[in-house]
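To start, the structure under review is shown below, and the notes come after it.
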Amino acid sequence: MLGSELRGCCQIKPGTKVSLGDLTTSKLASFELLEEEALSIFQQTRSLLVQQQRVLYAQGKKKLLIVIQAMDTGGKDGCIRKVLSRVDPQGVKVTSFKAPSTKELSHDFLWRVHQVVPANGEIAVFNRSHYEDIVAVRVKNLAAQSVWQKRYQHIVDFERMLADEGTTILKFFLHISKDEQRRRLQSRLDRPEKHWKFFPEDLADRELWDDFMGAYEDVIEQTSTDQAPWFVIPSDLKWYRDFCVSQIISDALHGMDLHYPKITWDPGEIVVK
C-alpha cells in the first residue's frame, strides 16, 4: 500500500537525529507524483476513509488520535478540512488548542489535553497540541528551562499510557519553507477575505524561525516513539501534503483490524410489520 511506503519515508524513527533544514518541504524523492495523479488517488483515499471511520465507530473498541503541528500558515486547518471533510462528524472530534486559559493554567499542562483524547470508536484531531507547551513556551521564554525540559518525558509517558489503553497515535509536522510562509502571509494581506487569518504577532514569530525549527527538531527527536511516531510531511504543496497525510491515516486504520461487530441474532428470523 502507498500508505505503508509513505509511512516509511516520512516517519522519524526513535533515536533519529533530526535536521529539518535537510528535509524537503516540496516532494519526496521516492514519490515524485504529478498533481493530477495525486489528486485522483487522494479522492479514492477520502472515500476509503469514510468507510474505515464508519467501521471504527460501529465497532466501538479502538480509537485514533491525530496530532498536527506546524509553523504559522503551515496548513493545519486546511489539511484537517480536506482530509476529513467527508467522514461522519459524529465520530470525529477536532480540538484547536489556543493559549491556555486562567483555569487551564491552574492545572498541570496535560490536564486540558487529557479531557479531549478519543473515546472508543472515535477519531480525535488536535490542531496544535500539548507540544505547544514545550515549543512555544521554550521559544517565547514563557517558563524556565527547568519547567519545559521535564515535559519531554512527561509527554512520552502520557502517550505511552494512551497507547497502552488502545489508542493509535499519529503525529504530523507539516513542514513548510520560510519562503512559502512568506508567500502565504502576503496572500492573507492581499486578500480582504483572508485578513481575519492574519495576526501582526505572526511576524514576530517569523523573526524567531530558527528558534522554532530548533525547538521542533528537539521535540521530534525526543518524543517520536514506536507507540506515538512523528511524521514530517512536505507541505509547501498543499495537494501533496493532503495526499501524504491521508495515505498514512488510512494505512493506520487498515492496520487496526476493523470490522463491524458480530450480531448475536438471526436477521432472517425477524420480520418488520
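The values are calculated or read from the model by the stated rules, or taken from the named source; none is laboratory data. Since the structure is predicted, the reported quantities are computational estimates derived from the model, not experimental observations. Methodologically, a virtual Cβ is constructed for each residue, glycine included, from the backbone with ideal geometry; neighbour enumeration extends over all protein chains shown.
What to note about this one:
- Residues in region 1-51 that are in a helix (DSSP H, G or I) and without any contact (Cβ under 8 Å) to a residue 40 or more places away in the chain: GLU5, GLY8, CYS9, ASP22, GLU36, GLU37, SER40, GLN43, GLN44, SER47, VAL50, GLN51.
- Verdict on ASP133 being assigned to a helix (DSSP H, G or I) and free of Cβ contacts under 8 Å to residues at least 60 places away in the same chain: yes
- Identity of the residue in region 89-101, over 21 Å from PHE199 (Cβ atoms) and out of contact with any strand residue (DSSP E or B) (no Cβ under 9 Å at 6 or more places or on another chain), that ends up surrounded by the fewest Cβ atoms within 10 Å (Cβ to Cβ): PRO89
- Test for VAL67: is it β-branched (Val, Ile, Thr), in a strand (DSSP E or B), modelled with pLDDT of 95 or more and closer than 20 Å to ASP218 by Cα: yes
- Taken over region 111-132, the residue count meeting the criterion of being buried (at least 16 other Cβ atoms within 10 Å of the Cβ), within 19 Å of MET161 (Cβ to Cβ) and more than 16 Å from the chain's Cα centre (by Cα) is 1.
- Scope region 97-130; condition of a type in the set (Asp, Glu) and either free of Cβ contacts under 8 Å to residues at least 60 places away in the same chain or in contact with a His (Cβ under 8 Å, 6 or more places away or on another chain) (or both); matching residues: GLU104, ASP108
- When VAL219 is tested against (1) buried (at least 17 other Cβ atoms within 10 Å of the Cβ); (2) more than 30 Å from GLU35 (Cα to Cα); (3) touching an Asp or Glu at 6+ places or on another chain (Cβ under 7 Å); (4) not basic (Lys, Arg), just one condition goes unmet, and that condition is (3).
- Of all residues making up region 79-90, the number that are at pLDDT 95 or above, within 14 Å of GLN53 (Cα to Cα) and part of a helix (DSSP H, G or I): 2
- Flag if VAL87 is of a type in the set (Val, Ile, Thr) and over 15 Å from the mean Cα position of the chain (by Cα): yes
- In region 172-190, the residues that are more than 23 Å from GLN11 (Cα to Cα) reach residues that are exposed (fewer than 12 other Cβ atoms within 10 Å of the Cβ) and not acidic (Asp, Glu) with C-beta atoms within less than 9 angstrom, at least six apart or across chains, in these pairs: LEU185/LEU203; ARG188/HIS195; ARG188/TRP196; LEU189/HIS195.
Quick grid of which residues meet (1) more than 20 Å from ALA143 (Cβ to Cβ); (2) out of contact with any Ser or Thr (no Cβ under 9 Å at 6 or more places or on another chain); (3) at pLDDT 95 or above:
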site	(1), (2), (3)
ASP77	yes, no, yes
VAL94	yes, yes, yes
PHE97	no, no, yes
PHE109	no, yes, yes
PRO118	yes, no, yes
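- Among the residues of region 198-256, those that are touching a helix residue (DSSP H, G or I) at 6+ places or on another chain (Cβ under 7 Å) and aromatic (Phe, Trp, Tyr) comprise PHE198, TRP209, PHE212, TYR216, TRP230, PHE231, TRP239, TYR240, PHE243.
- Output for region 256-272, where each listed residue is in contact (Cβ under 8 Å) with a residue 24 or more places away in the chain and either assigned to a helix (DSSP H, G or I) or over 12 Å from ALA58 (Cα atoms) (or both): MET256
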